[in-house]
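One structure is given here, and the rest of the page talks about it.
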Amino acid sequence: MAPQFVDFNADGNVDIFTATFDGSPHVAFGSAEGFQVPQRIMDANGERVLLTQFWNYESKEWDDTDRTIESNSDGQLHCISALAFDWDDDGDFDLLLGDKNKGRIFRQMNEGTNMEPAFTGKNIPVLTGEAQFELKGGITAPYLVDWDADGRTDLVCGSFGDSYGDKEGGAVYWYRNIGKIGAPQYAKPVNLIEPSAKGQATATRPDSGLYVDVVDYNGDGSLDLIVGGYSHWTPERKALTEDELKRVAELEVQLADVLKSITELRSKVLLETQDLSKDERSAKLQEVYDTDEYRQQMTDYTKLSQEVAKVKPRNKREAFVWLYLRDQTQNRARSR
Amino acid sequence: MRIRIVLCAVLATSCSSSFAAEDTVPTFHAPVQLMADDSAMGQGVLYPSPKMQDLNGDGVPEMLIGDLRGQLLVAERQGSGDSVQWSRLKPLETADGKPIKFDNW
């Protein structure tokens, strides 16, 4: 969830505008007293703003709709990021909606005002050149900024990349606005942070799920990047002694036993509750998770896993926030 | 702590770029991990999404971290220039003193 701080309803207070993984944008209005409880953004018809895929709070299931995009050939499009942006320069905020699955961006126009918005409910694809916007690796969130100081608002976007495996990780891209104010057009992306090749022995950078903020962090007059994301690394493994190898083998047998017990317990409950409703089943599972027996098993599992990891380090994946300060001494040639 | 809100331009932190390149793209120094008090900033947060924003109108931006669950954490800046440090992250609160939480699945 990437927050945008913006006076969304033009009342003089900064609001927090964002989309969440439920597929829709939300806003927490600011006031003299502080932020209000967040609320969902609705369109002019009183329906949720979304792309196609969304979490249905009534059925408590993932759902899909074709009501917002004409001739959609992309399948499921999942909005997880949103920006308020006056696309057509008519004095009110339109919406930019970012899709996680294909890396698309759509715009939804506001036919009302900021104080009384009327979002159309229809999403229009944003383009890069003649093609639909498509960020390789899936968009985490776009960010609005006049990166090249030409008076037009560009987009800087982070990508997910391969979030768990060894394949190419995420990156940060600049999409230059080569259109006009009120009629943006975006050029092909330029890499600001190269896609991660991963494979390091320590955490050296954000490797997947890159969320970016653009600020002049050190006050030197140039824009820097603050990037949240997951670092992936594999600590170097030393050769184990015979005693260590023996200990690891013992621990792995114990670990397998605990895992077997946990699996059996879960399977038993799932079998016993197969005829219950979804809610009843969830409640029954929660009861089991709260038992001393289950908690003890999980404690044993964690303890044994940690002990194995001390001797035999495994792949690491942890979230951090990183600062990329601009290097004023070097510039790379930009491919056109 | 109740955070007072003041009007800020949405791109206030982004308007001071001196970069006006037609033929070059910028390069960056090797990234450094930011710390929040004595912890690595963002560690343990699901998909941390940072944003700097002056929420209390003192001219010093705070660091806000959004997460996958729909929560927002905030750290206050201490120091300036090359010696910037950040306080421990804590939940951003609504006007009634509860941690702010955006609906999620």
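Checking the a/c ratio against 1.5 first, then a/b against b/c, what shape does the Cα gyration tensor give for segment A:72-142?
Prolate.
Using a Förster distance of 51 Å, how high is the FRET efficiency between A:Lys238 and A:Ile181, based on the Cβ-Cβ distance and rounded to 0.05?
0.30
Taking H as built 1.01 Å from N, whose amide H comes closer than 5 Å to the amide H of A:Leu192, not counting residues under 5 places away?
Excluding prolines and chain starts, which carry no amide H, the hits are A:Val172, A:Tyr173, A:Trp174.
Checking the a/c ratio against 1.5 first, then a/b against b/c, what shape does the Cα gyration tensor give for chain A? Display every interim value, and only then the final one.
Values: a/c = 2.32, a/b = 1.40, b/c = 1.65.
Oblate, because a/c is 1.5 or more while a/b does not exceed b/c.
What are the ³J(HN,Hα) couplings of segment A:248-256, residue after residue, when phi is run through the Karplus curve with 6.51, -1.76, 1.60 and θ = phi - 60°? Round to Hz, x for glycine and proline.
The phi angles translate into 4, 4, 4, 4, 5, 5, 4, 4, 5 Hz.
When the Karplus curve 6.51 cos²θ - 1.76 cosθ + 1.60 is applied with θ = phi - 60°, which whole-Hz ³J(HN,Hα) does each residue of segment A:65-72 get, with x for Gly and Pro?
Whole-Hz 3J(HN,Hα) from phi for segment A:65-72: 9, 10, 7, 9, 10, 7, 6, 6.
Per residue of B:60-66, how many C-beta atoms from partner chains lie within 10 Å of its own C-beta, taken as a mean?
Details: counts 0, 3, 0, 4, 4, 7, 10.
That works out to 4 on average.
About the Cα centre, and with charges only on the beta carbon of Lys, Arg (+1) and Asp, Glu (-1), how big is the dipole of the protein assembly as shown? Nearest 20 debye, please. List each step's numbers first, then the result.
Working: 47 positive and 71 negative charges, 255 e Å.
Using Cβ point charges on Lys, Arg, Asp and Glu, the protein assembly as shown gives about 1220 debye.
Using +1 at the Cβ of each Lys and Arg and -1 at the Cβ of each Asp and Glu in the protein assembly as shown, identify which of A:Gly228, A:Leu304, A:Pro142 lies farthest towards the dipole's positive end.
The Cα lying farthest towards the positive end belongs to A:Leu304.
Rounded to whole Å and sorted largest first, what semi-axes of the equivalent ellipsoid does the C-alpha gyration tensor of segment A:179-336 yield via the square root of 5 times each eigenvalue?
Equivalent ellipsoid semi-axes, largest first: 46, 27, 13 Å.
Taking beta carbons within 10 Å but only from partner chains, what does the mean come to for residues A:49-59?
Per-residue shielding by partner chains comes out at 1.
What list of ³J(HN,Hα) couplings, whole Hz, do you get for segment A:10-16 from phi and the Karplus terms 6.51, -1.76, 1.60, once you set θ to phi - 60° and write x for glycine and proline?
6, 9, x, 10, 6, 10, 10
For A:Asp257, A:Asp162, A:Asp92, A:Asp207, what's the fewest-to-most ordering of other Cβ within 10 Å of each Cβ?
Going from least to most buried by this count: A:Asp257, A:Asp162, A:Asp92, A:Asp207.
Where does the Debye-calculated log10 I(q)/I(0) of segment B:20-102 sit at q = 0.12, 0.14, 0.21 Å⁻¹, using only Cα point scatterers of equal weight, no solvent?
Reported log10 I(q)/I(0), two decimals: -0.43, -0.57, -1.04.
What residues of segment A:171-212 lie in the reach of a label at A:Glu130, counting those whose backbone N is under 16 Å from a point 7 Å from the Cα along Cα→Cβ?
Zone members listed by number: A:186-188.
Between A:Gln286 and A:Glu111, take the C-beta separation as r, use R0 = 45 Å, and let me know the FRET efficiency to the nearest 0.05.
About 0.50, to the nearest 0.05.
Cα gyration tensor of segment A:39-85, axes a ≥ b ≥ c as square roots of the eigenvalues: rounded (a/c below 1.5), prolate (a/b > b/c) or oblate? Before the final figure, lay out the partial values.
Numbers: a/c = 1.45, a/b = 1.05, b/c = 1.38.
In terms of gyration-tensor shape, rounded.
Can you tell me which of B:26-37, A:141-152 comes out highest on packing, and rank the rest after it, using the mean Cβ neighbours within 10 Å?
Working: B:26-37: 16.6, A:141-152: 20.4.
Peptide ranking by packing, descending: A:141-152, B:26-37.
Just in segment A:100-207: which GluC sites (Glu not before Pro) are loop by DSSP and have at most 10 other Cβ atoms within 10 Å?
A:Glu130
Can you tell me how much longer the chain between A:Ala201 and A:Asp64 gets when fully stretched, taken as 0.36 nm per residue apart minus their C-alpha distance, in nm with one decimal?
Details: separation 137, 0.36 × 137 = 49.32 nm, distance 4.15 nm.
That pair, A:Ala201 and A:Asp64, stretches by 45.2 nm at full extension.
No lab work stands behind these numbers, since they all come straight from the coordinates. Predicted model only: the values in this text are computed from it and were never measured. Methodologically, a virtual Cβ is constructed for each residue, glycine included, from the backbone with ideal geometry; neighbour enumeration extends over all protein chains shown.
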